[in-house]
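> Once you've had a glance at the structure underneath, I'll fire off some questions.
The values are calculated or read from the model by the stated rules, or taken from the named source; none is laboratory data. Owing to the predicted nature of the structure, the values given are computational and were not obtained by experimental measurement. Because the Cβ atoms are built from the backbone with ideal geometry, glycine has one as well, and the counts that use them run over all protein chains shown.
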Amino acid sequence: MEWRLADDELSALGARVVAASDGLIAGFEVSYGELSVNAAAAQIVEVLRFLKDAEGLKFHQLLDVCGADYPQRPLRFDIVYHLLSMTQNRRIRVKVQTDEETPVPSVAEVFANANWYEREAFDMYGVFFSGHPDLRRLLTDYGFHGHPLRKDFPMTGYVEVRYDDELKRVVYEPVKSVEFRSWDFLSPWEGADYDVPATPLVTGPAAAGSKAR
């Protein structure tokens, strides 16, 4: 049974969504068998309410709110909302962009489960959600410094935790050696534009011995 929609069907749905949104949704794209629409961050509450309530759409279920970090862009963060219409058997992805200082309006009033999803995005990326009823870290510890899914977050973190026998409690200490990650922003499936050293072939007695084992 084939459940995935053809690209032309998704394009027709995207065009219908844009036309009915009264300017709330700027455009759409179909890629890898999925429909994505783009909107302004300041209007995300209105956009999700439209997708939830509009006849013929009825995207009643918010599956996830997640993020992506592109440090080379002025608006470095994508905030991504995945919606499901149970009645239409359709999925849609809504993307908005923001920076490190500009908050995105909370959609918890439209989808109650966005409460924890937005807390997770705040914890991992440091994106603020204005109007959120309880914007606290969700996955990391109370004394955690930084946001782990940012591309410029160091591999070792900023602090380390250990138990102090003298103080009889857990203490936080700065990491003495901080190594930052280096990203080339290339798809692992498309390949890099630099030469990857080839693994040398094993020949002679060593190769014969490995085959014998």
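> Would you mind finding the one in PHE180, PHE144 that is among the hydrophobic types (A, V, I, L, M, F, W, C), under 30 Å from VAL65 (Cα atoms), touching a Pro at 6+ places or on another chain (Cβ under 7 Å) and modelled with pLDDT under 85?
PHE180 is the lone residue from the list that is among the hydrophobic types (A, V, I, L, M, F, W, C), under 30 Å from VAL65 (Cα atoms), touching a Pro at 6+ places or on another chain (Cβ under 7 Å) and modelled with pLDDT under 85.
> Applying the selection to the range 88-110, what residues are without any contact (Cβ under 8 Å) to a residue 40 or more places away in the chain and under 16 Å from PHE50 (Cβ atoms)?
GLN88
> Checking MET124 against (1) of a type outside the set (Val, Ile, Thr); (2) part of a strand (DSSP E or B); (3) surrounded by 15 or more Cβ atoms within 10 Å (Cβ to Cβ), which test does it fail?
Result: MET124 passes all but (2).
> State all residues of the range 12-25 that are loosely packed, with under 15 Cβ neighbours inside 10 Å and not charged (D, E, K, R); if no residue qualifies, say none.
Once the filter is applied, which keeps residues that are loosely packed, with under 15 Cβ neighbours inside 10 Å and not charged (D, E, K, R), the range 12-25 yields ALA12, ALA15, ALA19, GLY23.
> To continue, here is another question. Hey, can you tell me all the residues within the range 45-66 that are closer than 30 Å to PHE153 by Cβ and either out of contact with any strand residue (DSSP E or B) (no Cβ under 9 Å at 6 or more places or on another chain) or buried (at least 20 other Cβ atoms within 10 Å of the Cβ) (or both)?
Answer for the range 45-66, where residues must be closer than 30 Å to PHE153 by Cβ and either out of contact with any strand residue (DSSP E or B) (no Cβ under 9 Å at 6 or more places or on another chain) or buried (at least 20 other Cβ atoms within 10 Å of the Cβ) (or both): VAL47, LEU48, LEU62, VAL65.
> Can you confirm whether ALA26 is at pLDDT 95 or above, among the aliphatic types (A, V, I, L, M) and under 23 Å from ASP99 (Cα atoms)?
The answer is no for ALA26.
> Return the pair list, or none, for Cβ contacts closer than 7 Å from residues in the range 66-78 that are more than 11 Å from VAL127 (Cα to Cα) and of a type in the set (Phe, Trp, Tyr) to residues that are buried (at least 16 other Cβ atoms within 10 Å of the Cβ) and at pLDDT 95 or above, at least 6 apart or on different chains.
From residues that are more than 11 Å from VAL127 (Cα to Cα) and of a type in the set (Phe, Trp, Tyr), the pairs are TYR70/ARG76.
> Still on this structure, I have one more. Which residues, counting only those in the range 50-91, are in a strand (DSSP E or B), among the aliphatic types (A, V, I, L, M) and within 27 Å of ARG150 (Cβ to Cβ)?
Scanning the range 50-91 gives LEU62, LEU63, VAL65, ALA68, ILE79, VAL80, LEU83.
> Taking only pairs six or more apart or across chains, which ones have beta-carbon atoms under 6 Å, a first residue in the range 130-159 that is more than 28 Å from GLN43 (Cα to Cα), and a second residue that is of a type in the set (Phe, Trp, Tyr) and outside any loop (DSSP other than H, G, I, E, B)?
GLY143/TYR172; VAL159/TYR172
> Separate question: In this structure, does GLU109 turn out to be at pLDDT 95 or above and surrounded by 20 or more Cβ atoms within 10 Å (Cβ to Cβ)?
no
> In addition: If you scan the range 39-49, which residues turn out to be part of a helix (DSSP H, G or I) and within 20 Å of the chain's Cα centre (by Cα)?
ALA41, ALA42, GLN43, ILE44, VAL45, VAL47, LEU48 - these are the residues of the range 39-49 that are part of a helix (DSSP H, G or I) and within 20 Å of the chain's Cα centre (by Cα).
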